[in-house]
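What follows is calculated from the coordinates using simple rules that are stated; it is not laboratory data. Predicted, not measured: the structure shown is a model, and the values here were computed from it. Cβ placement follows ideal geometry from the backbone for every residue including glycine, while neighbour counts extend to all protein chains displayed.
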Amino acid sequence: MRGLTEICRKTQVALQLSKRLGDRSGKNPVAIFSDMLYYWLAAQMNPASYGLYGFEKLSRREKAEYLSKRQMDRLQERLNPPEFTALADDKLLFYERCRQHDIPTPAILGVVLNQDSYVPAGVERLGGADELAGVLAASPPEGVVLKALDGGHGLGLLLLEHDNGVLRDKGGHVWTAPELIEHCRHGCDSYGRPSRGFLVQQRLIPHDELKAVMPGPAMGTVRLHTLLRRDGSVASLYPIVKVPIKGNLADNFDHGRTGNLLAWLDVETGYMQHACAKEEDGWGLVVRDRHPDTGVAFKSVRIPGWEELLAVVERAARAFGELKTLAWDIAVTDQGAYILEANWHYDPDGPQVSLRRGVRSEILRYFAQAA
């Protein structure tokens, strides 16, 4: 019964979307709904992605080049064995592997556990409010980040700064250590299940040359996709910048729902190109040449230390060699590049949105070099 209710709900959304796309394009909404249903059933391209990619304006040949999330997952599963995916999914295991291979990553100051979990050497277990208060009192002036061990999309994320001896979040709320412990105890993972725990992590600040496209409080990141080929070489693919708008705590795009943008990067020079965002009506993409909050032209911005960043990511791809393809999120600061996380089941949205075209043929060709 529950499954049937969900299908009915999604069908209703598809009907509403078909009408809106028809009104905007001047095409028959019934024909759009029929086409949407075909790609939904045949290619697992859900209606939201159909609208985001502007399928109503594309030819069949162009649409055939787009990968759905489910199709991308299946391709990645062939290259990333399930027995090794925890290296990317588990933030503590990821941190340990980075430290073992001298890969720069933000320091973990402590961990609040809700379930018994492996904790790497050098990471402090915080059993209660007093221990957490001690770590927070000794934390850097720029403050700390609290995030779920198994969270994503900014779920449960807190950015805390020191303010006259107290910790204040971006909304102005002053947090006590007992309140923070309660926040950690009741946090959820990406699927709404109780979280295994929370990290207390060093907060990073964007490089001075990037603050015009990262107006805060979110730390915008470079996303770089890598492929570890059979011959041991590393291909760096589809470089983009996840550009946050002012006021957001996280830089995730989330199919355009957050208001953040995705900007294409020239891999040879490190210069940003155009950026894409969701249309104001909520469907389709619009190209932006300037940041909507600061007005800075994207093409005037180069990622500082671009060559060093590429070298760090190449080392990281080899350090996590059990996983043949990964999407890395990298923070660029005045102190250099820091790898925040790796994603083994990354969405195709990043490349397909920023390039404004499908990447199926390219992905199949690239992945064949590692299979």
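Sort through L155, L224 and tell me the only one that's of a type outside the set (S, T, N, Q), in contact (Cβ under 8 Å) with a residue 12 or more places away in the chain and in a strand (DSSP E or B).
L224
So L180 fits all but one of (1) in a helix (DSSP H, G or I); (2) touching a Ser or Thr at 6+ places or on another chain (Cβ under 9 Å); what number is the exception?
That leaves (2) as the condition not met.
Which of (1) more than 29 Å from the chain's Cα centre (by Cα); (2) within 26 Å of F253 (Cβ to Cβ); (3) not in a helix (DSSP H, G or I) does L67 not meet, given it meets every other one?
The failed condition is (1).
All but one of (1) assigned to a strand (DSSP E or B); (2) free of Cβ contacts under 8 Å to residues at least 40 places away in the same chain; (3) farther than 25 Å from L157 by Cα hold for A235, so report the exception by its number.
For A235, the exception is condition (2).
Per-residue answers, yes or no, for (1) crowded, with 18+ Cβ neighbours inside 10 Å; (2) of a type outside the set (K, R); (3) closer than 25 Å to G358 by Cα:
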position	(1), (2), (3)
P29	yes, yes, yes
L37	no, yes, yes
R74	no, no, yes
T85	no, yes, no
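For S354, are the conditions met, namely being touching a Cys at 6+ places or on another chain (Cβ under 7 Å), touching a residue at least 12 places away in the same chain (Cβ under 8 Å) and of a type in the set (G, A, S)?
The answer is yes for S354.
Can you find a residue that is in a loop (DSSP other than H, G, I, E, B), loosely packed, with under 12 Cβ neighbours inside 10 Å and without any contact (Cβ under 8 Å) to a residue 60 or more places away in the chain anywhere in the stretch 111-120?
yes
Would you mention how many residues in the stretch 273-283 are buried (at least 17 other Cβ atoms within 10 Å of the Cβ) and either more than 29 Å from E56 (Cβ to Cβ) or more than 20 Å from the chain's Cα centre (by Cα) (or both)?
Residues meeting the conditions: 1.
When you go through R203, R230, R185 one by one, which is the residue that is over 29 Å from G127 (Cβ atoms), among the basic types (K, R) and either touching a residue at least 12 places away in the same chain (Cβ under 8 Å) or touching a Ser or Thr at 6+ places or on another chain (Cβ under 8 Å) (or both)?
Matching residue, one of R203, R230, R185: R230.
If E308 satisfies all but one of (1) farther than 17 Å from Y53 by Cβ; (2) touching a Pro at 6+ places or on another chain (Cβ under 9 Å); (3) free of Cβ contacts under 8 Å to residues at least 40 places away in the same chain, what's the number of the condition it fails?
Here E308 meets the rest and fails (2).
Go through the stretch 6-27 and give me each residue that's farther than 16 Å from S49 by Cβ and in contact (Cβ under 8 Å) with a residue 40 or more places away in the chain.
Listed by number, the list holds a single entry, R24.
Among residues belonging to the stretch 323-339 that are within 18 Å of P104 (Cβ to Cβ) and of a type in the set (D, E, K, R), point out the one that is farthest from the chain's Cα centre (by Cα).
D334
Would you mind stating whether F320 is of a type outside the set (D, E), surrounded by 20 or more Cβ atoms within 10 Å (Cβ to Cβ) and closer than 24 Å to P104 by Cα?
In short, yes.
Surrounded by 15 or more Cβ atoms within 10 Å (Cβ to Cβ), of a type outside the set (A, V, I, L, M, F, W, C) and in contact with an Asp or Glu (Cβ under 9 Å, 6 or more places away or on another chain): does that describe E142?
Considered against the rule, which asks whether it is surrounded by 15 or more Cβ atoms within 10 Å (Cβ to Cβ), of a type outside the set (A, V, I, L, M, F, W, C) and in contact with an Asp or Glu (Cβ under 9 Å, 6 or more places away or on another chain), E142 comes out as no.
So for the stretch 311-333 (the condition being under 21 Å from M272 (Cβ atoms), free of Cβ contacts under 8 Å to residues at least 12 places away in the same chain and not polar (S, T, N, Q)), does at least one residue qualify?
yes
Can you say whether E209 is among the charged types (D, E, K, R) and either loosely packed, with under 15 Cβ neighbours inside 10 Å or assigned to a loop (DSSP other than H, G, I, E, B) (or both), as far as the supplied structure shows?
Answer is yes for this residue.
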